[in-house]
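Working notes for the structure below.
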Amino acid sequence: MTNEALGESRPGTRGRAGWTREQASRIERTDDTVAPIVYPPATEQIPEVHIWDTWFLRNRDGTLATVDGYRVCFSLTAPSDLLPGKRHDVATIRCFYSDDGRNWHSAGPVFEDALGQRQWAGSALYDDDGSVYLFYTAAGEEGAEDLTYTQRIVGAGGGRIETADGFELSGPWTHHELLQPDGDRYEREDQSRGMIYTFRDPWFFEDPETGETWLLFEANTPVPEGSDVCGGDAALQEFNGSVGIARSPTGDPLEWDLEDPLLDAVGVNQELERPHIVYRGGLYYLFISSHLHTFAPGLEGFDALYGFVAEELRGDYVPLNDSGLVATNPENAPFQSYSWMAFPHGEEVLVQSFFNYYDFDGDTLDEIAHLSDSEQMRRFGGSLGPTLRLDVEGSRTRIIGALGHWHIPLDDETLPPTDRELIRRGKS
Ligand code: FRU
């Protein structure tokens, strides 16, 4: 791609949206965007393994699936005696299930023969015929001696759930490499100029308006050296996160063609993680997670959930709450949660995330690594955090309360009144 072509593909010029520095410079904590402080869950709610990025089994229409009364989720997991910072190097996908949306049980590791040296985040589809597909990131090359950082998007088909004798998810699974970066729309590892490149976190989405089938993922936009993007500022060009997208021409979950990114953030942020969409009231809400340390120089953001809204899937996304910030951690516990995933529940949007480093108010996550091993272990949650409740109206969002750790309500579950509601009722 020439510099010129890249210049032309900047936001607004080709139906491709962008998160601009001006928008991101408005990021600030407000009452509506700061989550309550998180305390550790009850001992019986702490899983035997450390868990972090988590996703729910969903139907084609994006709603959470209920299979014979069970909610099902998948998490990246690592042994709980491993230093938390090392977990990404050994990540394994495990399945959990619950018949009350509160107490979760392990169904064990999902695969014996997954691609990659380890598996990173993804999504899961419960198809109309009852078959289960898992989309995940194969990180590193299987068979390589050293740990490598290549990322490929993989789909596994062949999963079935049996519940006659308790809950069981089984294969035989077949693993299909679905997508690799093309080096043109999506940066390859050898083009990366700054932090490690990204090509991961596939997320299945069927557009309710068109019926078309999509796979979103986290990626980077190639910015060749000498490009005039960001006024030619090389230090800013290294921060080139994008939300990638591929289309399935037939609706087949294992067949995808790369298309132009949905949105990018060149000069703004390097990692637009775990992109996903909630469709509500005719609008497409695109959410991503990102880190304080992945913002480009001159911008200050947080570990937080960010979001954008458009009238069409390929619309001109505008940032929610003017800056994009939707939910972040309190200032005195800036890393308590990460990897947020929003989903609809009745009138509200709920947001699940994992319980990360708590009882820690350092300025950067790097400071954790300087603590003793036992202090690092003590401060890592390694389980699902409380579920946030969001009120979403047009391009505004408000955190209106939280449910307990791991509380993912069943379809017909009515949520308790929020504190604000109770205060309002008390006054009237
Ligand atoms: C976010 C993330 C994902 C990735 C996983 C690896 O927490 O960086 O993008 O799939 O962690 O552990």
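The values are calculated or read from the model by the stated rules, or taken from the named source; none is laboratory data. Model, not experiment: these values are computed from the prediction. As a convention, Cβ positions derive from the backbone with ideal geometry for all residues, glycine included, and neighbour counts pool all protein chains shown. Side chains included, ligands, DNA and RNA excluded: accessible areas come from the protein's heavy atoms. Shrake-Rupley method; radii C 1.70, N 1.55, O 1.52, S 1.80 Å.
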Item to check | Cα shape, segment 289-364, gyration tensor, a/c 1.5 rule | outcome: oblate
Item to check | Derived scalar couplings ³J(HN,Hα) [segment 67-81; Karplus, 6.51 cos²θ - 1.76 cosθ + 1.60; whole Hz; x for Gly, Pro] | outcome: 10, 6, x, 9, 7, 10, 9, 10, 9, 6, 9, 8, x, 7, 8
Checklist entry - Among A327, A246, A42, which one moves the most in a GNM of the chain with springs linking Cα atoms closer than 10 Å? => result A42
Item to check | the chain: C-alpha gyration tensor shape, a/c 1.5 cut-off, then a/b vs b/c | outcome: rounded
Checklist entry - Averaged per residue, what accessible surface does segment 290-346 expose to a 1.4 Å probe, in Å²? => result 30
Checklist entry - In the Gaussian network model of the chain, springs joining C-alpha atoms below 10 Å, which of G251, G158, G143 carries the largest mean-square fluctuation? => result G143
Checklist entry - Picking from T54, T418, T33, which is most flexible by a Gaussian network model of the chain using Cα springs under 10 Å? => result T418
Checklist outcome for this item: The rounded separation in angstrom of the Cα centers of segment 167-236 and segment 52-122 is 21
Checklist entry - Label points 7 Å out from Cα along the Cβ direction at N103 and D233: separation in nm? => result 5.5
Checklist outcome for this item: Carbon and sulfur atoms account, in whole percent of the 1.4 Å probe accessible area of the chain, for 46
Next on the checklist: Given the DSSP H assignment, sum -39500 (n - 2.57) over each helix run of at least 4 residues in the chain and divide by its residue total; what's the result at 222 nm in deg cm²/dmol, nearest 500?
Outcome noted: -1500 deg cm²/dmol
Checklist entry - What is the local net charge at F167, summed over the other residues whose Cβ is closer than 11 Å to its Cβ (Lys, Arg +1; Asp, Glu -1)? => result -4
Checklist entry - Rounded, prolate or oblate: which fits segment 80-156 when a ≥ b ≥ c are the square roots of the eigenvalues of the alpha-carbon gyration tensor, with rounded for a/c under 1.5 and prolate only if a/b beats b/c? => result oblate
Item to check | Probe 1.4 Å, all protein chains present, accessible-area order of L299, L216, largest first | outcome: L299, L216
